[in-house]
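Okay, so here's the structure we're looking at.
The values are calculated or read from the model by the stated rules, or taken from the named source; none is laboratory data. The model shown is predicted, which means the values in this text are computed figures rather than measured ones. Quick reminder, even Gly has a Cβ in these numbers, built from the backbone with ideal geometry, and neighbours come from all protein chains shown. SASA here: full protein model, heavy atoms, side chains in, ligands and nucleic acids out. Shrake-Rupley method; radii C 1.70, N 1.55, O 1.52, S 1.80 Å.
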Amino acid sequence: DSTFDPASPWAQRAMLRVCEELPTTLQVLTSRCWILDFRTWLYSRGQKFPVERFLDFHQTLKEFLVSYPSSASAMWFNEGNNLTATMFTFQVTPTDGATATLAARDLWNSYIDQLNSDAASTASNAWATSQVWVDAVTLQDALSSAWQVLLAVTGVVFLVGLFYVLDLELVLALLLVAFCVCSVIVFFFFCLCGWSFGPWELTILTVFLSYSIEPAFHIGHDFINPGLPEALRAEKPLAPDLLSVADAVDAPAFDGDGTGDDGSPPQVQAPRHDGLSQASEVNPKAKDTPEEAIQRSIHLVAKNLVSNSLKLLLCGILLAFSQLRIFSRLGAISILLPLLVVPSVLLVYPAIILASGRQRREPDVLVFGNIMINKLSWLWT
């Protein structure tokens, strides 16, 4: 501040006022104000405060620093070894959370602004700062960004689910289950375990939210669109001529009397079934009841879901013992998440579908599309 003139009596009074007229709302515990010691030192020498104009303030200050050398740590001097800037330090009551910290910052800024407006031009550009405030602003910005990412991911998950399942009711039910899973995780770690909520924790929850709902998409998709993917369908039957050749090769030889070479009666071979033919028995059919369709869909996703959950659980156990807080918390969430996701996907989500009493297998999007097409056709005709 080029206008700051500590030799001015008005500037000295303004500095003293900063330390003497602290309101109780600032919750100051201790203070380090060399101006208070400077006034006491002047009184002990029989001098007045502030230092009068016709006296040399800077020379008086140098004499003061001989008796109070620690005060020099709060001062800045120019090339002529004259005071050009200073600071006063206050220790305040700790606040809880970034919001309370920034609220305290606003109180300090209001207090300093009021002092600046009342001070002379030689000491009217003071400001308050704190590293805690900087950290709180950084934390708040990171949290704001993390919340934006969470909302964006939720929107993308909703759109992808709607595009894949084509049913608004099933997608909303899935998001409800995922929200309940995240709520249980938040309650366990932040309420019971006393974790502090931050951007890293929110980001981890966002990633695992996307992970937890992927298997449930398949259940909703198979409920709305019966049938397995093409790669898992049963093989097409062989052509008649090829089938007869294969039967001829595999059939045993018989004599004219209908017995085999060893005189034994002919035996009819049971039809053979390969793995894909057996897989067709679990294909969701359009004629199936909702209970049968849900049961078959659960069989399709259960194996991969359980195996992936076990992998995640083992990785979480390894990370839980890390010395870094971010990795230990990542491991703790990785342990709890599979214990919630597996029953949620295999039990809760199917139970919600069945409890709704829905019998219609046609997706909502197609139903709405047919209605719109009929309306447009009626208007066109």
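Considering the range 42-78 alone, what residues qualify as being aromatic (Phe, Trp, Tyr), surrounded by 13 or more Cβ atoms within 10 Å (Cβ to Cβ), closer than 18 Å to residue 11 by Cα and under 56 Å from the mean Cα position of the chain (by Cα)? Break it down into steps so the answer makes sense when it comes.
Kept after step one, since they are aromatic (Phe, Trp, Tyr), are these residues of the range 42-78: 43, 49, 54, 57, 64, 68, 76-77.
Right, trim to surrounded by 13 or more Cβ atoms within 10 Å (Cβ to Cβ) and you get 49, 57, 64, 68, 77.
When the remaining residues are screened for being closer than 18 Å to residue 11 by Cα, the result is 49, 57, 64, 77.
Once the filter is applied, which keeps residues that are aromatic (Phe, Trp, Tyr), surrounded by 13 or more Cβ atoms within 10 Å (Cβ to Cβ), closer than 18 Å to residue 11 by Cα and under 56 Å from the mean Cα position of the chain (by Cα), the range 42-78 yields 64, 77.
Considering only residues that are aliphatic (A, V, I, L, M) and either in a helix (DSSP H, G or I) or open to solvent by 50 Å² or more (accessible area, probe 1.4 Å) (or both), look in the range 109-125 and name the one that is farthest from residue 23 (Cα to Cα). The residue in question is 123. The condition (being more than 27 Å from residue 293 (Cα to Cα) and modelled with pLDDT under 85) is satisfied by just one residue among 204, 185, 213: 204. When residue 134 is tested against (1) open to solvent by 50 Å² or more (accessible area, probe 1.4 Å); (2) among the hydrophobic types (A, V, I, L, M, F, W, C); (3) in a loop (DSSP other than H, G, I, E, B), exactly one condition is not met: (3).
Close contacts from the range 348-361, counting a first residue that is part of a loop (DSSP other than H, G, I, E, B) and a second that is open to solvent by 70 Å² or more (accessible area, probe 1.4 Å), with Cβ to Cβ under 8 Å and a gap of 6+ residues or different chains, come to 356/169; 358/169; 361/286. Selection of the range 95-108 for residues being open to solvent by 60 Å² or more (accessible area, probe 1.4 Å) and modelled with pLDDT of 90 or more yields 105, 106, 107. Of the candidates 85, 142, the single residue that is closer than 20 Å to residue 34 by Cα, surrounded by fewer than 17 Cβ atoms within 10 Å (Cβ to Cβ) and hydrophobic (A, V, I, L, M, F, W, C) is 85. Which ones in the range 181-225 are within 23 Å of residue 95 (Cα to Cα) and within 11 Å of the chain's Cα centre (by Cα)? Within the range 181-225, 186, 197, 198, 199, 200, 201, 202 qualify. A single entry from 101, 24 fulfils the requirement of being touching an Asp or Glu at 6+ places or on another chain (Cβ under 9 Å), under 30 Å from residue 135 (Cα atoms) and hydroxyl-bearing (Ser, Thr, Tyr): 101. In the range 42-53, the residues that are touching a residue at least 24 places away in the same chain (Cβ under 8 Å) form Cβ pairs under 9 Å with partners that are of a type in the set (S, T, N, Q) and open to solvent by less than 100 Å² (accessible area, probe 1.4 Å), at six or more places apart or across chains, as follows: 49/12; 49/40; 50/8; 50/12; 51/12; 51/60; 53/8.
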